[in-house]
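Working notes for the structure below.
The values are calculated or read from the model by the stated rules, or taken from the named source; none is laboratory data. In this text the structure is predicted, and so the values were computed from the model without any measurement. All Cβ positions, even for glycine, are placed from backbone atoms using ideal geometry, and neighbour counts span all protein chains on display. Please note that ligands, DNA and RNA were not included when accessible areas were found on the heavy atoms of the full protein model with its side chains. Shrake-Rupley method; radii C 1.70, N 1.55, O 1.52, S 1.80 Å.
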Amino acid sequence: MKNALLGPLRFLGNTNLFISLGSLSSVLGAAAFIGAELDYSLACFAFFAALFTYNFQRRIGDLKQDQSYSKTGSTMMIFGVIGMGYFVFKLANYQLVLLGFAGFISLAYAYPLIPSARGKISLRLVPGMKLWTIVLVWTLSCVILPILGSEIDTRVLVLFILQQALFVTALTIPFDIRDLPVDWPEQRTIPQVFGVSKARNLALVFLLFSAVASLSLFLLKEIELNLILIHMGVLLLSGGLISKVKTKRGELYFSIGIDGMLILQGVAFF
């Protein structure tokens, strides 16, 4: 029974279908949380874009050694391109501009475009940039875009963006802990600088600040209490997972457990 369950989970994680579902659910969840109009075309585009990008990144630049060039991964890339090609015509011009910027940053994350003393390097190899590049792209694509143009109090929008950016930052730190044995020392990731234990604690601090942002939203009386409670519940579950993160945890702990918090939150908000 256990093996029968692990097989599909590994497939979802290895093919990046799971994190792509996280993109889709995050887009819909963001709009639902603040009461904005749901943009299903944007959500579907985000799904296919993530499916293409995550698989493409593992076949270019300094990430190409992380995963063998599998037929399944190639199929997912093609599937992603077809999906993006269909939904791109359903998006507004401003959405395309911002998504184009996010796409370029995602390419630069893995492909060596930036001049350095060692030659051209990717964004992920720039000291201190690995985590913040991921947070920037995710926050822009899955948090800001779904709520952009909403006729909602500016304070609510800012607090919600802050709430989600802090949440995503906390969920990203465990992946730097996972990558500690293979990351270059020059990358200066949080676990490299502070150690694994302090990196975990810092991730928990980011979760705490995300909770403070949620409480602030509740105090503004603009967001329903049940949505705040949902977010708090997801933060508690995320904290439990993060507190047990270590470099030798199985891949499913990260690709399904940690990433699963994005799906759980998005679906619950929706």
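Given just the C-alpha atoms of segment 58-169, how large is their convex hull per residue in cubic angstrom?
Numbers: hull volume 14.5 nm³, N = 112.
Spread over its residues, the Cα hull of segment 58-169 gives 130 Å³ apiece.
Excluding residues on the same chain fewer than 8 positions from K120, give the aspartates and glutamates whose Cα lies under 13 Å from its Cα.
Once the sequence-local aspartates and glutamates are set aside, what remains near K120 is D62.
Using 0.36 nm per residue of separation minus the Cα-Cα distance, give me the extension gain between L219 and F194 in nm, one decimal.
Contour length minus Cα-Cα distance gives 5.5 nm.
Dipole size in debye (nearest 20) for the chain around its Cα centre, Lys and Arg Cβ +1, Asp and Glu Cβ -1?
In total the dipole reaches around 1000 debye.
Take the alpha-carbon centre of segment 146-222, take the same for segment 104-119, and report the distance between them in whole Å.
Cα centres, segment 146-222 to segment 104-119: 24 Å.
Could you list, in their original order, any pairs among K198/K246; K198/K244; K71/K130 whose Cα atoms are separated by more than 23 Å?
In this structure, K71/K130 exceed 23 Å between Cα atoms.
If you take the Cα Rg of segment 124-229 and divide it by 2.2 N^0.38 Å, with N the number of residues, what do you get?
Against the compact-globule rule of thumb, the ratio is 1.21.
Counting helices only, and only those DSSP H runs with n ≥ 4, report the 222 nm mean residue ellipticity of the chain as the sum of -39,500 (n - 2.57) divided by its residues, in deg cm²/dmol to the nearest 500.
-22000 deg cm²/dmol
Work out the P(r) tail for segment 1-140: percent of alpha carbon pairs separated by more than 19 Å, whole number.
Of the Cα pairs, 56 percent sit more than 19 Å apart.
Hey, rough spin-label estimate for S116 and K244, points 7 angstrom out along Cα→Cβ, what's it come to in nanometres?
For S116 paired with K244, the spin-label model returns 3.5 nm.
What percent does the relative contact order of segment 175-270 come to when contacts are Cα pairs within less than 8 Å and at least six residues apart?
Over segment 175-270, the number comes to 33 percent.
Quick one: dipole size for segment 27-136, taken about the Cα centre, charges +1 on Lys/Arg Cβ and -1 on Asp/Glu Cβ, in debye to the nearest 20.
480 debye
Counting only trypsin sites (Lys or Arg not before Pro) that sit in a DSSP loop (anything but H, G, I, E, B) with at most 10 other Cβ atoms within 10 Å, what is the longest stretch of the chain containing none of them?
Details: sites that count: R118, K221, K248.
Maximal segment without exposed cleavage sites: 1-117.
Roughly speaking, to the nearest percent, how much of the chain's 1.4 Å accessible area is carbon and sulfur?
Carbon and sulfur together cover 67 percent of it.
Across 5 Å bins from 0, what is the distribution of all Cα-Cα pair distances for the chain, in whole percents?
That works out to 1, 6, 12, 17, 19, 18, 14, 9, 4, 1, 0, in percent per bin.
Using +1 at the C-beta of Lys and Arg and -1 at the C-beta of Asp and Glu, which of A30, I105, S150 has the Cα lying farthest in the positive direction of the dipole of segment 1-159?
Checking the options against the dipole of segment 1-159, the answer is I105.
Would you grab the residues whose amide H sits under 5 Å from the one on I121? Only those 5+ places off in sequence or on another chain, please, with H modelled 1.01 Å from N.
Correct list: L113, I114, S116.
So what is log10(I(q)/I(0)) for segment 198-261 at q = 0.17, 0.19, 0.22, 0.26 1/Å, when the Debye sum runs over its Cα atoms only?
Those come out to -0.64, -0.74, -0.89, -1.08, one per q.
Label-point separation (nm) for T154 and L208, each offset 7 Å from Cα along Cα-to-Cβ?
3.1 nm
Given +1 on the Cβ of Lys and Arg, -1 on the Cβ of Asp and Glu, and no further charges, what dipole in debye does segment 127-270 carry about its Cα centre, rounded to the nearest 20?
Rounded to the nearest 20 debye, it is 540 debye.
So with the 1.4 Å probe, I'd like the accessible area per residue for the chain, rounded to whole Å².
49 Å²
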